[in-house]
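**Q** One structure, as structure tokens, below. Some questions next.
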């Protein structure tokens, strides 16, 4: 009886080699629908916008096909647009910081609350999402003026001397945009806190650490990733919005979003509007990558 020339170990080795050489297309097939949607509705419009930014705008036409860097040169050489980029960045950074500072303690209150109180606090946090941005702007316009509720309240309590107005100030613009970004930041931070092991906080207290040290040495490092995500969300939203800052802020607060809207609709300058939009999208992408690099690795703080 003839013996087999191949041993079981060599047969297993052949199967392993074939398995390595044959690609597993299962994950690719599962990702194909989502990749197709992203490609059609996001990647292709982005490429069209990028191509449009190299065209020219002249002779009263919307655009003239061309390959020119004039729009980008105008962005970095014209003092008006340089200041617009700077104002937008300062506004977005300020809103992001204020959003995280306000959202973090509120999220801690939700995290430490019982089920009934937790639902109530989450509902209050998400209420701004039920109101349109236009209605929110109208509400702030009734709240900030000299004859508004804020001025009357603080004057009545003796905190402010006489009536005052916050309308058309940088503070009003920051508060108006923060009101919109705050619910998203709270949701992100609560989700981050819910993944923590509460026994770590109890262990810190059992070891004699005061609450401030527990917060600084235990809780803050554990929630660093959520803080960065909440900061990025608020920053991205503030970079792109234009209605609230233009309605509540001062005249000099000319954001990129407002200028893009004006170039697209008032001046019909599609190439320059595309250059502004691509600059904004590139800046947001760079910020997201930087925060991704600066953030903790997945699983570093969580069991």
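Every read-out reported here was derived from the displayed coordinates using simple, explicitly stated rules and does not represent laboratory data. The model shown is predicted, which means the values in this text are computed figures rather than measured ones. Backbone-built Cβ (ideal geometry, glycine too); neighbour counts: all protein chains shown.
**Q** How many nm separate the modelled label positions at residue 265 and residue 76, each set 7 Å beyond the Cα in the direction of the Cβ?
**A** Here the modelled spin labels are 3.1 nm apart.
**Q** May I pose another question? What full-extension length gain, to one decimal in nm, is calculated for residue 291 and residue 164 as 0.36 nm per residue of separation minus the Cα-Cα distance?
**A** 41.8 nm
**Q** Ranking request for peptides 100-112, 200-212: highest mean number of other beta-carbon atoms within 10 Å first, then the rest in descending order.
**A** Descending packing order for the listed peptides: 100-112, 200-212.
**Q** If you stretched the chain out fully between residue 202 and residue 86, how much longer would it get, using 0.36 nm times the residue separation minus the C-alpha to C-alpha distance?
**A** My answer for the length gained is 37.3 nm.
**Q** Remind me, relative contact order of segment 14-148 in percent, using alpha carbon pairs under 8 angstrom and six or more residues apart?
**A** Once normalised by length, the contact order is 8 percent.
**Q** A further question follows. If we count other beta carbons within 10 Å of each Cβ, what is the order of 87, 242, fewest first?
**A** 242, 87
**Q** Please rank 213, 167, fewest neighbouring Cβ atoms within 10 Å first, as an exposure proxy.
**A** 213, 167
**Q** If you don't mind, there's one more thing I want to ask. Write down the radius of gyration of segment 92-235 and its Dmax, each obtained from C-alpha positions, in Å.
**A** Over segment 92-235's Cα set, Rg and Dmax evaluate to 18.1, 54 Å.
**Q** Sort 85, 186, 284 so that the residue with the fewest other Cβ atoms within 10 Å of its own Cβ comes first and the one with the most comes last.
**A** Ordered from fewest to most neighbouring Cβ atoms within 10 Å, 85, 186, 284 come out as 284, 85, 186.
**Q** Just the C-alpha atoms of segment 42-131: what Rg/Rh do they give, with Rh taken as the Kirkwood radius?
**A** Reported Rg/Rh (Cα atoms, Kirkwood Rh): 1.27.
**Q** What is the distance in Å between the Cα centres of segment 217-235 and segment 91-159?
**A** What the calculation gives is 20 Å, centre to centre.
**Q** Quote to one decimal, in nm, the extra length available between residue 113 and residue 281 on full extension: 0.36 nm per residue of separation minus the C-alpha distance between them.
**A** So the extension gain works out to 56.6 nm.
**Q** For a quick size check, give me the Cα extents of the chain along its three principal axes, largest first, whole Å.
**A** Largest first, the chain extends 109, 72, 32 Å along its Cα principal axes.
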